[in-house]
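Working notes, beginning with the structure itself.
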Amino acid sequence: MIESELIWHNGEFVAWEDAKVHVLTHGLHYGTGVFEGIRCYETERGSAIFRHLDHLQRLERSASLYYMDLPYSVEQLRSATHELISRNGLASCYIRPIAYRGYGHMGLNPLEAPVDVSIAVWPWGNYLGEEGTRNGIRAKVSSWERIGSRSLIPQAKASGQYLNSVLAKIESVKAGYDEAILLDEHGNVVEGSGENVFAVRDGVISTPPISSAILDGINRRSVVQIARDLGYSVVERVVARTDLYLADEVFLTGTAAELVPVREIDDHAIGTGKPGEITLVLQRAFQDALYGRNERYLEWLDLIEVGLADRQKAAG
Ligand code: PPE
């Protein structure tokens, strides 16, 4: 059960239990929504949202790809999120902004339907489990092909598109694995159900390019930069299924999952079957960036003003 106190909805703060939509909400029927997954960490400098603006700009881009004008600016959504986190009294949390076609119009033309925007925040633990983050997870290559740019928009984070991820995830979990890895129409590796994927072989880190059918992951970009800053060579190239089997190390990145080692794929042990050396170095460096422990990446942190909640409470 996920829970916190307040939700931001169309400019108002409403009680968690009152944040409801009509059953004829357009987005519920046709998946006409776009969303983001963001995290706020309790750092030594205070609570800070990791790459907040990058996420909000991606939300705006996803919306525009579906011909949806957001009724709030990135700056408005940013300050609403700060206030929401403060009012909920959360030091760290997962943040889920969603913009969707609302109630009032049915049928496939959504252009007349209103665009509603909500933001929810709640404490959300380790997506693929503590154990998985420490010792690595077991993944299965999915029989479901990742959506392609001839049918949908892989680079958009749109609600309806996630039916593809949901099928892949269900298949992997029912078969006893932790996560699914999806291939594209050519049989090349694209990404996990909700994470980007990296393979390491002979010290070189590879990941599918953004021209492939992936979400342009913000953590993917962060980890590529951190790896390069540490002197590793990172190549964005086509990754074949066998490249994963033969890799020394494989890991996944995403907001919910953070950086997770993969220890087995389709029952093949990856490398030694334990999180690899480079994976562990990157995992530590990435955690340092998330928690503001590395000066170099402080610009990625959007600090929440201390005392904001108290002042707002005092102001009624
Ligand atoms: N690919 C997909 C399909 C995806 O959904 C995500 C994030 C990523 C890659 C990684 O992107 P980024 O978070 O910007 O590094 N998935 C979000 C939703 C997960 C969910 O279960 O819901 C997330 O991690 O928040």
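The values are calculated or read from the model by the stated rules, or taken from the named source; none is laboratory data. These numbers were taken from a predicted model, which means no experiment stands behind them. Here the Cβ is made from the backbone with ideal geometry for all residues, glycine too, and neighbour counts use every protein chain on show. Keep in mind that these areas ignore ligands, DNA and RNA; they rest on the heavy atoms of the full protein, side chains included. Shrake-Rupley method; radii C 1.70, N 1.55, O 1.52, S 1.80 Å.
What lysines does K274 reach when the alpha-carbon gap must be under 29 Å and sequence neighbours fewer than 8 apart in one chain are set aside?
Within reach: K140, K169, K174.
Net charge near N88, counting Lys/Arg +1 and Asp/Glu -1 over other residues with Cβ under 11 Å of its Cβ?
Working: positive: R87; negative: E3, E5, E83.
Charge balance in the 11 Å sphere: -2.
Once the whole set of protein chains is in place, how much accessible area is left on H22, using a 1.4 Å probe, in Å² to the nearest 10?
Result for H22: roughly 80 Å² accessible.
Would you list T25, T242, T272 from the most to the least accessible area, probe 1.4 Å? Before the final figure, lay out each step's value.
Working: T25 10, T242 75, T272 120 Å².
Ranking T25, T242, T272 by accessible area, largest first, yields T272, T242, T25.
In debye, nearest 20: dipole of the chain around its Cα centre with unit charges on the Cβ of K, R (+) and D, E (-)? All intermediate terms of the calculation are to be shown ahead of the outcome.
Values: 31 positive and 43 negative charges, 41 e Å.
Dipole of the chain, to the nearest 20 debye: 200 debye.
On the accessible surface of the stretch 179-316, probed at 1.4 Å, how many percent belong to carbon and sulfur atoms? Spell out each step's value before the answer.
Working: 2860 of 5930 Å².
Summing carbon and sulfur atoms, their accessible area is 48 percent of the total for the stretch 179-316.
For the stretch 1-115, what % of the accessible area comes from carbon and sulfur atoms, probe 1.4 Å?
51
Quote the accessible area belonging to K20 in square angstrom, nearest 10, computed with a 1.4 Å probe and with ligands, DNA and RNA left uncounted.
Answer for K20: close to 150 Å² accessible.
Send over a whole-number figure in Å² for the accessible area per residue of the stretch 163-316, probe 1.4 Å.
Details: 6860 Å² over 154 residues.
Result: 45 Å² of accessible area for each residue.
What distance in nm separates the simple spin-label points at Q57 and E44, each placed 7 Å from Cα in the Cβ direction?
Distance between the two pseudo-spin positions: 2.8 nm.
When a/c is below 1.5 the answer is rounded, else prolate if a/b is larger than b/c, else oblate, so apply that to the chain with a ≥ b ≥ c taken from the square roots of the Cα gyration tensor eigenvalues. Can you show the working numbers first?
Numbers: a/c = 1.98, a/b = 1.31, b/c = 1.51.
Judged from the Cα gyration tensor, the chain comes out oblate (a/c at least 1.5, b/c at or above a/b).
Net charge around Y127, counting only other residues with Cβ within less than 9 Å of its Cβ (Lys, Arg = +1; Asp, Glu = -1)? List each step's numbers first, then the result.
Values: positive: none; negative: E195, E258.
Summing Lys and Arg as +1 and Asp and Glu as -1 gives -2.
Kindly sort Y297, Y177 by accessible area of their heavy atoms, largest first, with the probe set to 1.4 Å.
Details: Y297 10, Y177 30 Å².
If we order Y297, Y177 from most to least accessible, we get Y177, Y297.
Tell me the per residue accessible area of the stretch 3-53 using a 1.4 Å probe; a whole number in Å² is fine. Can you show the working numbers first?
Details: 2520 Å² over 51 residues.
For the stretch 3-53, the per-residue accessible area is 49 Å².
With a 1.4 Å probe and all protein chains kept in place, how much accessible area does H186 have, in Å² rounded to the nearest 10?
140
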